[in-house]
Amino acid sequence: MIIAIDGPAASGKGTLAKRLAAHYRLPHLDTGLLYRAVARALLDDGRALTEVEAATIVARELDLTRFDDERLRGREMGDAASVVSAFQPVRDALLDLQRRFAAQPGGAVLDGRDIGTVVCPNAEAKLFVTASPEERARRRCNELRGRREPAEFETILAEIRRRDERDSTRSAAPLRQAEDAIRLDTTTLSAEAAFTAALALIEPLRR
């Protein structure tokens, strides 16, 4: 079974995807980390995020087993990933890698912004996880403060709105809900309640 989870930043899709993967004993891929890894490699090499050819080469050589999770997290890397993810050659380079991950025996859980629409359009279960911009900004602030990083609510809210605009209007695989995806609004839900709701939506779809 392939479970595709899409949604905007800080909607809770990553936490939910991990919980579902553990529950169903399936491998999990946070596809956003792929783009963060590409951006991180460019910055480490002193290159601009807008160097499409260099970004594409990095994407083609990406190794899932060599991610330094800590260096890929954080607010600046999220913005950087949003820049490189807008380039079609980069997305093309990462598409096969994502599809091979999804094609593992038994299936997988993938979360991102184009899983149900582009990467795994035939996934058995598709969720589009969302929440209000204000709630997502609150969550992101709490996350950053938990890592002892500076976080001003109004600044984070403005960043989230800019990122939503960039992700949903880009020409390459824009963020959107697949026609056959089920929408799950987590604005008023705890992580546990969102997990329970997701299970109720996915169980009838299992083959």
>> Here is a check on your reading of the model: is residue 42 assigned to a strand (DSSP E or B) and either in contact (Cβ under 8 Å) with a residue 12 or more places away in the chain or closer than 15 Å to residue 199 by Cβ (or both)?
In response: no
> How about segment 97-136: which of its residues are of a type outside the set (Ser, Thr, Tyr), modelled with pLDDT of 95 or more and under 16 Å from residue 161 (Cβ atoms)?
Replying inline: 131, 133, 134, 135, 136
>> Among the residues in segment 79-92, are any of a type in the set (Asp, Glu) and surrounded by 13 or more Cβ atoms within 10 Å (Cβ to Cβ)?
In response: yes
>> I'd like the full set of residues that are assigned to a loop (DSSP other than H, G, I, E, B) and either surrounded by fewer than 19 Cβ atoms within 10 Å (Cβ to Cβ) or of a type in the set (Gly, Ala, Ser) (or both), limited to segment 115-150.
In response: 121, 122, 123, 124, 131, 132, 147, 148, 149, 150
>> It is to be established whether one or more residues within segment 185-194 are more than 30 Å from residue 87 (Cβ to Cβ), of a type in the set (Gly, Ala, Ser) and surrounded by 18 or more Cβ atoms within 10 Å (Cβ to Cβ).
In response: yes
>> I want to confirm something. Restricting to segment 62-78 and keeping residues that are out of contact with any Leu (no Cβ under 9 Å at 6 or more places or on another chain) and over 21 Å from residue 156 (Cα atoms), which single residue is most open to solvent (accessible area, probe 1.4 Å)?
In response: 66
> So is residue 78 modelled with pLDDT under 90 and part of a helix (DSSP H, G or I) or not?
Replying inline: yes
> Restricting attention to segment 81-108, which residues are among the polar types (S, T, N, Q), outside any loop (DSSP other than H, G, I, E, B) and within 19 Å of residue 45 (Cα to Cα)?
Replying inline: 82
> Any idea how many residues of segment 45-61 are open to solvent by 30 Å² or more (accessible area, probe 1.4 Å), hydrophobic (A, V, I, L, M, F, W, C) and closer than 22 Å to residue 118 by Cα?
Replying inline: 3
>> Can you report the number of residues in segment 162-184 which are open to solvent by less than 60 Å² (accessible area, probe 1.4 Å) and under 13 Å from residue 125 (Cβ atoms)?
In response: 4
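The values are calculated or read from the model by the stated rules, or taken from the named source; none is laboratory data. What you are looking at is a predicted structure, and each value in this text was computed from that prediction instead of being measured. A quick note on method: Cβ atoms are made from the backbone with ideal geometry, for glycine too, and the neighbour counts reach across all protein chains shown. Side chains are part of the model used for accessible areas, which takes the heavy atoms of the whole protein and leaves out ligands, DNA and RNA. Shrake-Rupley method; radii C 1.70, N 1.55, O 1.52, S 1.80 Å.
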